[in-house]
Amino acid sequence: QVPLVESGGGLGQPGGSLSLSCAASGIILRDYYMNWYRQAPGNQREWVAGITGGGMKSYADSVKGRFTISRDNARNTMYLQIDNLDPEDTAVYYCQAARGIHVYWGQGTQVTVSI
């Protein structure tokens, strides 16, 4: 059973917004460093944002100012708010939970930005 499940992807228009969720089961997210990655067709998977158990956030330069990562420990869920969508944001978005040698990935959710 995959402990992480992403949702919220879909089709968005340039300049619009999308919100992604990553729900965990079987693991406690506050014990993990949580990340969002994305992989566009033909590209390698790239890191876009991370958040510690204490809530410290970091972002890739390419998304800074448009992406917001957050977590709700009570709901055991992580989020990624994407604002001012750009066609370059089209990719499969994955959440990851990491703690030492323990690394878990979700199955991914597709985000497509098109007119």
- [ ] Go through the stretch 57-105 and count every residue that is under 16 Å from Ser19 (Cα atoms), small (Gly, Ala, Ser) and either at pLDDT below 95 or in a loop (DSSP other than H, G, I, E, B) (or both).
- [x] 1
- [ ] Could you list all residues from the stretch 57-96 that are touching a Pro at 6+ places or on another chain (Cβ under 7 Å) and over 17 Å from Asn43 (Cα atoms)?
- [x] Leu85
Task: the stretch 106-115, subset in a loop (DSSP other than H, G, I, E, B) and open to solvent by less than 40 Å² (accessible area, probe 1.4 Å), residue nearest to Arg30 (Cα to Cα) - done: Gly106
- [ ] Please indicate, with yes or no, whether at least one residue in the stretch 52-67 is within 10 Å of the chain's Cα centre (by Cα) and either farther than 20 Å from Gln13 by Cβ or of a type in the set (A, V, I, L, M) (or both).
- [x] no
TODO: Among the residues of the stretch 6-33, count how many are buried (at least 16 other Cβ atoms within 10 Å of the Cβ), under 15 Å from Gln107 (Cα atoms) and of a type outside the set (D, E, K, R).
DONE: 7
Open item on the list: With the requirement that a residue be hydrophobic (A, V, I, L, M, F, W, C) and open to solvent by 30 Å² or more (accessible area, probe 1.4 Å), what does the stretch 53-83 give you?
Closed with: Met56, Ala74
- [ ] Please work out which one of (1) touching a residue at least 60 places away in the same chain (Cβ under 8 Å); (2) open to solvent by 20 Å² or more (accessible area, probe 1.4 Å) is the condition Gly100 fails and give its number.
- [x] (1)
Open item on the list: For the list (1) free of Cβ contacts under 8 Å to residues at least 24 places away in the same chain; (2) touching a Gly at 6+ places or on another chain (Cβ under 9 Å); (3) not aromatic (Phe, Trp, Tyr), I need the number of the one condition that Ile69 fails.
Closed with: (1)
Task: Gly50 vs. criteria assigned to a strand (DSSP E or B) and either surrounded by fewer than 21 Cβ atoms within 10 Å (Cβ to Cβ) or among the basic types (Lys, Arg) (or both) - done: yes
TODO: Note down all Cβ pairs under 7 Å where the first residue falls in the stretch 1-18 and is under 9 Å from Asn84 (Cα atoms), the second is of a type in the set (Asp, Glu) and in a loop (DSSP other than H, G, I, E, B), and they're at least six residues apart or on different chains.
DONE: Pro14/Asp86; Ser17/Asp83
TODO: Mind listing just one residue for me: the one in the stretch 1-49 that is small (Gly, Ala, Ser) and within 18 Å of Ala98 (Cβ to Cβ) and, of those, farthest from the chain's Cα centre (by Cα)?
DONE: Gly26
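The values are calculated or read from the model by the stated rules, or taken from the named source; none is laboratory data. Note that the structure is a prediction, hence the values are computed from the model and not measured. Methodologically, a virtual Cβ is constructed for each residue, glycine included, from the backbone with ideal geometry; neighbour enumeration extends over all protein chains shown. The area values use the complete protein model at the heavy-atom level, side chains included, leaving out ligands, DNA and RNA. Shrake-Rupley method; radii C 1.70, N 1.55, O 1.52, S 1.80 Å.
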